[in-house]
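Working notes for the structure below.
The values are calculated or read from the model by the stated rules, or taken from the named source; none is laboratory data. Remember, it's a predicted structure, so these values are computed and weren't measured experimentally. Neighbour counts are summed over all protein chains in view; Cβ atoms, including those assigned to glycine, are modelled from backbone coordinates with ideal geometry.
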Amino acid sequence: MAAVCAASPAAAQDAPKRPLAEAFTVAPGDCLDAEQLVPAVARWLGRGEIDRRISIDVKRQGDAVAYGLHRDGVLVGERKVTNLPPGCPELITALALSIAVAVEATFFGAEEPPPPPATSRPPMPAPEPDDQVSAPAPRAPRRKMRADPRPAGPQAVLTGELGVLWNTLPGVRPLVGAGVEVAWASWLETRAAVLAATAARSPLGSGEVETELYAGRADACGTVPARPIKLGACAGVAWGFVASRGVGFLEGRTPSQPWLGLPLRGEGRIALGRAGASAAWGIVVATELLFTLRRAQLGVVGQVSADRLGEPHTAVLKLPVLGGAAAAGLFFEL
């Protein structure tokens, strides 16, 4: 009876343990980060400790990631994960799940399994490691796994930008913008934003006129994840108004006129840091072409012409048809 109790699973579970993070050796590589990978494995396993005789090493092998399972320093299983997802959060989640399944399949239950009864069949010999997969085929873990920390639905990205606008208003003017992008798939995003350009002063008749642009926009974007930069090309529509103010005239007026344009945008986002398994932040740079469909036309009537005394002369300012912009700022991926 004493021998049976000593070999029971409850007794084996009293084997010395250590934090799961101490069992991992993660070689530096693209998207491989022990601070992100180990907590994700712990969530899938539902435990933060493991038998101190078990160790796991993870490393990059070209476009794949390989990991080995060791017990008492002896390799008992090795697996190579190919067809990796493009994003770092997706890669961490998929790799953590694969490691958790392999650990559960190889070392599930008591860390030291009790010997079988004398009447049972002899245990199967340990498999020899090979180049690809020597651990038992992954099976569904018996413990209930926690949900993937990364949301499965659309992902939002907030952006704030400062830049310059040229030729849409006369000259080169400072530009400020803010927007929200929603990623529906790894290659498709939609974008909504507001922008404002500060006053540009232009001569008009005997005085000057100051113009400002306020607009909103909506875009559809195609994206290409290309580590470490995510590239995107967007096309959409922008609408708003041009506010103007006369300077140097006897009578001051501040008319506003509608404005409509078609923007074409190219952007790149570079991730600089992460907060958790899914959130990230970094810098965004963008360039744009703006085709004006409905442009403001400002005029001053009643000026005296130089060649025909007494006849009214009209001075007109038309905003350009083609302009552009360049901007840089920060993005926050939620």
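Under the condition of being over 30 Å from LEU272 (Cα atoms) and crowded, with 21+ Cβ neighbours inside 10 Å, which residue from segment 56-79 is farthest from the chain's Cα centre (by Cα)?
Only one residue fits best here, namely GLY77.
Across segment 216-237, what is the total count of residues that are at pLDDT 95 or above and farther than 16 Å from ALA286 by Cα?
Qualifying residue count, segment 216-237: 2.
Can you name the residue in segment 46-104 that is touching a His at 6+ places or on another chain (Cβ under 9 Å) and not hydrophobic (A, V, I, L, M, F, W, C) and is also nearest to GLU333 (Cα to Cα) among such residues?
ASP57
If you check GLY240 against the conditions, is it under 15 Å from ALA286 (Cα atoms) and either surrounded by fewer than 20 Cβ atoms within 10 Å (Cβ to Cβ) or assigned by TED's automatic domain parsing to the domain that holds LEU175 (or both)?
No; evaluated as a whole, the condition is false for this residue.
Residue-by-condition table, conditions (1) in the same structural domain as PRO85 (by TED's automatic domain parsing); (2) closer than 26 Å to PRO154 by Cα; (3) at pLDDT below 90:
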position	(1), (2), (3)
SER202	no, no, yes
GLY246	no, no, yes
PHE249	no, no, yes
GLY252	no, no, yes
ALA280	no, yes, yes
ALA286	no, yes, no
THR292	no, no, no
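Within segment 80-95, restricting attention to residues that are in contact with a strand residue (DSSP E or B) (Cβ under 9 Å, 6 or more places away or on another chain) and in a helix (DSSP H, G or I), which residue is surrounded by the most Cβ atoms within 10 Å (Cβ to Cβ)?
Ranking the candidates gives ILE92 first.
For the list (1) at pLDDT 85 or above; (2) farther than 30 Å from ILE229 by Cα, I need the number of the one condition that MET124 fails.
Condition not satisfied by MET124: (1).
Filter segment 16-55 for residues that are within 18 Å of LEU84 (Cβ to Cβ) and surrounded by 16 or more Cβ atoms within 10 Å (Cβ to Cβ); which is modelled with the lowest pLDDT?
So the residue we want is CYS31.
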